[in-house]
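The values are calculated or read from the model by the stated rules, or taken from the named source; none is laboratory data. This one's a predicted model, so the numbers in the text were calculated from it and none came from an experiment. Cβ placement follows ideal geometry from the backbone for every residue including glycine, while neighbour counts extend to all protein chains displayed. These accessible areas exclude ligands, DNA and RNA; they are computed on the full protein's heavy atoms, side chains included. Shrake-Rupley method; radii C 1.70, N 1.55, O 1.52, S 1.80 Å.
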Amino acid sequence: MSTQQILAPFDGWCSVLDEVPDPVFSGRMLGDGLAIDPTSGILVAPCAGEIITLPASAHAVSIRTAQGIDVLIHVGIDTVQLGGRGFEARVRPGAIVRAGDELIRFDLDVVARGAKSLMTPIVVTPMDGLRLQQRRAPGPVSTGEMLFEIAGIATAAGIETCTPPPRSADPPNRETAVGQTLIVTLRHGLHARPAALLAQRAKAFGAQASLSAHGRTANARSVVAIMALGVRHGDELSIQASGVDAAQSVASLVAGIQEALRTESAAGHGAAADSSRTALDSSKTASTLAPRSLPADGVLSGVTAVTGVAVGRATRIERREIAVTEHGAGAARESRELEQARVHVRARLERVAATGGATRREIIAAHLEFLDDPQVNEAAQDLIAAGKGAGFAWRSAIRRSVGALEALEDARLRERVDDLLDVESHVLLALAGEARPMNIPLPQRAVLVADDLLPSELTALDGARLVAICLGGGGATSHVAILAAAMDIPMLVGLGAGIREIADGATVIVDADAGTLQTAPTATAIEQARAAVEVRLMRREQTQAEAQTECRALDGTRVEVFANLGNVMDAAAAVVNGAEGCGLLRTEFLFIDRETAPSESEQLAAYQGIAAALGPRPLILRLMDVGGDKPLRYLPLPAEENPALGLRGVRTSLAYPDLMRTQLRAALRVQPSGSVRLLIPMVTDVAEILAVRGIIDEIKAEIGIHPRVELGAMIETPAAALMASRLVREVDFLSIGSNDLTQYTLAMDRGHPQLAGRTDALHPAVLQLVAAAAGAGVAAGKLVAVCGGVAADRLAVPILLGLGVRELSVVPATVPAIKHQIRSLRINDCRELAMRCLELASAAEVRAAVARTIGPAGDTH
Ligand code: PEP
Ligand code: MG
């Protein structure tokens, strides 16, 4: 028997052919083999033989072995279109080569930018009775390592008989390795927060997952490595995983990107509501300290990071350099000390997070990810093993990642350098037995003046005394700017070195709207600026006060504005923003991304905390909406071809009633008794409602509670909308989940990047289903709410009210704006507008019709 080994022609990530985004290869039309996503640009011969083809474009090469077997290597997909750009042939057709001889050089960046994919199939073409064996498992591969062996080769004794494997047969690879390629539509690509989200998800699985873009591959568990991929809006991203739960891991990572998209669009609504506060213009980001000195008029120009006007006293804070020793006192000791310092910093950061708002918590979560980043920690441990001190190793490891980020073109990613430096100093201080001060004293009405500022330095400042921040460097989208926006502190960045000349204690005027800092203002200018500050303060107080009162349309019709919540911090934000209750508590956040189901007491504590934060306001608790794209590790849900059409929502709960019973017991024990209303997700028929109602009754009897429990059904499927008049008889209220209703009505995945512009809830087909559900509720005299994203869309609000919806549940930050809009609407006008919209031909026509009818402030006229 004769065999032929085929070796890896370059370094990269080995995958099954099914992953190649070209049916010619994935369908094995040219032959069988494997694919590699290259990480090096030198292609060497995978075996000895003669070069049979190597076109002028040099994007592919085939080589014939001594036994007459042809092996084709096709660099990337659709690379022929590059016409040779980025490729250089190193041999000519007809050349006789040995395994490992250089055949082609290619520029990974150029090819990655111009090709559909870098995935390179290496196939035996044609198979003609040959078979592949000892196929390499998916994962990283280095040049010269074996990919597969070809058996069934003609020998002197004749042809070895064998049957080629059926096309679908590739069991080990199929089961253990999966991948998905998508276009990243996140506005700012994979910046720190989505990267942290993905790393967290990747860590939750046993599978080895990696992300590839631009020809580079990153360990999906490393935030730094993900960010260093430099994935921007519109880039192609490949997600691969191998191992037992590879499919779930990839699904979870894809869901992570969708979650980041949702968060981004939710934040987008928020930004629309308070767009007067933060200007995030990365093109104007100032990351280096411009060598500008104070001009004669004393006015410095910078970039607006947070808008606003302030008058105060220039104040500086001291930053201390932390010294480290290069040589360690033994690897074991240094390693232990680094570990202890990290434990200490983690505990401290967690404590700080618990005392802050949602923004601070999110930023600290990103810092915690940096603290535990495998790439940073591995680099530090390597240095310690090489004899370096813990502090030196930690600083070097962080600076290496800083260098990688600084080399990126994306300003937003470069701004994450501050976060890394923040984590660096936390750990170095902990190693020195110190801690970053939690409280840095400030004089009254302080305008902080500094070259730059770290997030932890800002959180340590007394926010009540700080009226503005002026930085010589810094970036408008840095975490410290986000924190300043959350604290509502006007902030200018990029003012240049001139700020160093400002005398400590000098009175300055910060006009962050205009981007100017007046370092030597006249008395009149100071007086005028103080008056402007007063006016702004009054206006803000008015809006906040207005948001606290109950909401009625212009004709007096009562419309409740509730908030969608995920946790207790959201509940606090909802109250501050004037939400009249919680219209949707997404309880599934408590269930996903953990190893075991939350216990009854844990759930009770979480729900009770939220109820307490809401005070007397109603709390609508949605039963866990898990399954589908939100798999649970502790629930052996089968892998599904179409997760969105599989076991999710109430279907999962009814399939695993013990989980639902525990959740119901916790929800029904929230005090005061009977205060929680329950909402059933993904309802499609009456039987589901009756089944849940039956279990609720059993549990009420078990725990001895008597008050009636209000129950609602989510209208998220066309079936539920069309049957709403029947469903509503079994419940107390309906809540329209427009996100899913749109996806299922239009048959368009709500997270599909290319369909994002078309999954519009204002499509007349979706509106007709909303009308059916709302009409059924009105006829039955029961409340109909909308808790999907469309409730916060100012063009949708008049239509929803016109169709009979009387409760809108939106992200907390948008509550004031929605209340403000409703107060200017007349229900009769809304009704007439809604009826017209139902007759239109497309979502675009609906949007145009509403935009024509409502004024710039969103009121009908
Ligand atoms: C919806 O589908 O509109 C909804 C509110 O539920 P979720 O977004 O959590 O699926
Ligand atoms: Mg839904």
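Observations on the structure shown:
- Lone qualifier among Gly649, Gly674 - being surrounded by 24 or more Cβ atoms within 10 Å (Cβ to Cβ) and not basic (Lys, Arg): Gly649
- None of Leu664, Leu654, Leu632 is open to solvent by less than 30 Å² (accessible area, probe 1.4 Å) and either closer than 21 Å to Ala691 by Cα or part of a helix (DSSP H, G or I) (or both) except Leu664.
- Residues in the stretch 538-559 that are among the acidic types (Asp, Glu) and exposed (fewer than 13 other Cβ atoms within 10 Å of the Cβ) were compared, and the one that is modelled with the highest pLDDT is Asp555.
- Count - residues of the stretch 681-724 that are touching a Lys or Arg at 6+ places or on another chain (Cβ under 8 Å) and either in a strand (DSSP E or B) or in contact (Cβ under 8 Å) with a residue 40 or more places away in the chain (or both): 7
- Set Ile183, Ile159: member being at pLDDT 50 or above, more than 19 Å from Leu34 (Cα to Cα) and surrounded by fewer than 17 Cβ atoms within 10 Å (Cβ to Cβ): Ile183
- If only residues of the stretch 836-849 that are among the hydrophobic types (A, V, I, L, M, F, W, C) and farther than 22 Å from Lys782 by Cβ are counted, the one that is surrounded by the fewest Cβ atoms within 10 Å (Cβ to Cβ) is Ala841.
- Residues in the stretch 749-786 that are within 13 Å of ligand 1 (Cβ to nearest atom) and within 20 Å of Ala644 (Cα to Cα): Asp749, Arg750, Gly751, Thr759, Ala761, Val766, Leu769.
- Long-range neighbours under 8 Å by Cβ, at least six apart or interchain, first residue under 21 Å from Ala202 (Cβ atoms) within the stretch 621-646, second of a type in the set (Phe, Trp, Tyr) and away from ligand 2 (no atom under 16 Å from the Cβ): Arg633/Phe205; Leu635/Tyr656
- Test: residue in the stretch 590-605 that is within 16 Å of ligand 2 (Cβ to nearest atom), open to solvent by 30 Å² or more (accessible area, probe 1.4 Å) and either closer than 22 Å to Glu716 by Cα or not in a helix (DSSP H, G or I) (or both): no
- No other residue among Glu688, Glu716, Glu710 is within 16 Å of ligand 2 (Cβ to nearest atom), under 18 Å from Lys782 (Cα atoms), modelled with pLDDT of 95 or more and acidic (Asp, Glu) apart from Glu716.
- Ala644 surrounded by 15 or more Cβ atoms within 10 Å (Cβ to Cβ), of a type in the set (A, V, I, L, M), away from ligand 2 (no atom under 16 Å from the Cβ) and not in a loop (DSSP other than H, G, I, E, B): no
- Qualifying position, being more than 16 Å from ligand 1 (Cβ to nearest atom) and within 26 Å of Ala843 (Cα to Cα), among Leu722, Leu746, Leu741, Leu711: Leu722
- Residue among Val535, Val508 that alone is β-branched (Val, Ile, Thr), open to solvent by 20 Å² or more (accessible area, probe 1.4 Å) and either in contact with a Pro (Cβ under 9 Å, 6 or more places away or on another chain) or in a helix (DSSP H, G or I) (or both): Val535
- Test: residue in the stretch 756-779 that is under 29 Å from Ser824 (Cβ atoms) and among the polar types (S, T, N, Q): yes
- Subset of the stretch 511-532 [in a helix (DSSP H, G or I) and open to solvent by 70 Å² or more (accessible area, probe 1.4 Å)]: Ala523, Thr524, Glu527, Gln528, Arg530
- Checked against the criteria, Val568 counts as of a type in the set (Val, Ile, Thr), away from ligand 2 (no atom under 16 Å from the Cβ), modelled with pLDDT under 85 and in contact with a helix residue (DSSP H, G or I) (Cβ under 9 Å, 6 or more places away or on another chain).
- Against the numbered list (1) within 16 Å of ligand 2 (Cβ to nearest atom); (2) more than 14 Å from Gly583 (Cβ to Cβ); (3) touching a residue at least 60 places away in the same chain (Cβ under 8 Å), His763 comes up short only at (1).
- Those residues of the stretch 653-685 which are of a type outside the set (A, V, I, L, M, F, W, C), in contact with a helix residue (DSSP H, G or I) (Cβ under 8 Å, 6 or more places away or on another chain) and over 22 Å from Ala785 (Cα atoms), in sequence order: Ser653, Pro657, Arg661, Thr662, Gln663, Arg665, Arg669, Gln671
- Filter pass, Ala639 being at pLDDT 95 or above and more than 16 Å from ligand 2 (Cβ to nearest atom): no
- Single residue of Ala476, Ala503, Ala430 found to be in a loop (DSSP other than H, G, I, E, B), modelled with pLDDT of 85 or more and not hydroxyl-bearing (Ser, Thr, Tyr): Ala503
- Entry remark, the stretch 361-398: residues being at pLDDT below 85 and either assigned to a loop (DSSP other than H, G, I, E, B) or open to solvent by 50 Å² or more (accessible area, probe 1.4 Å) (or both) number 2 in total.
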